[in-house]
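Student: Structure incoming, see below.
The values are calculated or read from the model by the stated rules, or taken from the named source; none is laboratory data. The structure presented is a predicted model; accordingly, all values stated were derived computationally and were not measured. As a convention, Cβ positions derive from the backbone with ideal geometry for all residues, glycine included, and neighbour counts pool all protein chains shown.
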C-alpha cells in the first residue's frame, strides 16, 4: 500500500505533502540502518542531525560523501520534505509518485548492503 493511500490522501489534498514527509522519514531509517553497519569510521555511523558538519557530520553529508548512489535518491526525499514542512509546498500525485519511485530505489540500494552485513531480513526498514 502506498503512503498516500495508507493515510487517505487524495489529489489536491495537503495530505499528499505529508505523505512525502512520511516517505522521507522512512528513508532516514533506511539510511541510518545502512550507516550503522557500513564499513565507515564509527563517528559516521550514528548521525544526530541532517546537516551537521565535521567532526560530527549529519546524514546528508555522510551519504553525499560516502554513498553517492544512495544520496541521489535520499536527497530528493529530503528536499521535498523540507519544502512541505517549512515552505508550505503542496505535492501533487505526479510528484508523490516520483518520490515513491526514489524511495523504492533507495530501499533497493540498501537491501544488499544490509544483507551482506548479516542484518536479519525482519529488521530491514
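Student: Could you please find all residues in segment 29-42 being part of a helix (DSSP H, G or I) and surrounded by fewer than 18 Cβ atoms within 10 Å (Cβ to Cβ)?
Tutor: Just the residues of segment 29-42 that are part of a helix (DSSP H, G or I), to begin with: 29-37, 42.
The answer is 29, 32, 36, 37, 42.
Student: Further question: Go through segment 112-125 and report how many residues are over 28 Å from residue 83 (Cα atoms) and surrounded by 16 or more Cβ atoms within 10 Å (Cβ to Cβ).
Tutor: 3
Student: Now a separate question. Would segment 11-26 turn up any residue that is more than 11 Å from the chain's Cα centre (by Cα), assigned to a helix (DSSP H, G or I) and modelled with pLDDT under 90?
Tutor: From segment 11-26, those more than 11 Å from the chain's Cα centre (by Cα) are 11-19; that's our starting set.
Filter once more, so that each one left must be assigned to a helix (DSSP H, G or I): 15-19.
Going one step further and asking which of them are modelled with pLDDT under 90, we end up with 15.
Checked against the condition, which is being more than 11 Å from the chain's Cα centre (by Cα), assigned to a helix (DSSP H, G or I) and modelled with pLDDT under 90, segment 11-26 yields at least one hit.
Student: Out of all the residues in segment 51-61, which are over 16 Å from residue 24 (Cβ atoms) and either surrounded by 15 or more Cβ atoms within 10 Å (Cβ to Cβ) or in contact with a strand residue (DSSP E or B) (Cβ under 6 Å, 6 or more places away or on another chain) (or both)? So that I can check it myself, show each step before the final result.
Tutor: From segment 51-61, those over 16 Å from residue 24 (Cβ atoms) are 52-57, 61; that's our starting set.
Once the filter is applied, which keeps residues that are over 16 Å from residue 24 (Cβ atoms) and either surrounded by 15 or more Cβ atoms within 10 Å (Cβ to Cβ) or in contact with a strand residue (DSSP E or B) (Cβ under 6 Å, 6 or more places away or on another chain) (or both), segment 51-61 yields 52, 57, 61.
Student: Go through (1) loosely packed, with under 13 Cβ neighbours inside 10 Å; (2) touching a helix residue (DSSP H, G or I) at 6+ places or on another chain (Cβ under 9 Å); (3) free of Cβ contacts under 8 Å to residues at least 24 places away in the same chain one by one and return the number of the condition residue 69 breaks.
Tutor: (3)
Student: Could you check how many residues of segment 80-103 are within 30 Å of residue 54 (Cα to Cα) and either touching a residue at least 24 places away in the same chain (Cβ under 8 Å) or surrounded by 12 or more Cβ atoms within 10 Å (Cβ to Cβ) (or both)? First the steps, then the outcome.
Tutor: Taking segment 80-103 and keeping what is within 30 Å of residue 54 (Cα to Cα), we get 80-87, 99, 102-103.
Cutting the leftovers down to either touching a residue at least 24 places away in the same chain (Cβ under 8 Å) or surrounded by 12 or more Cβ atoms within 10 Å (Cβ to Cβ) (or both) gives us 80-85, 99, 102-103.
Result for segment 80-103: 9.
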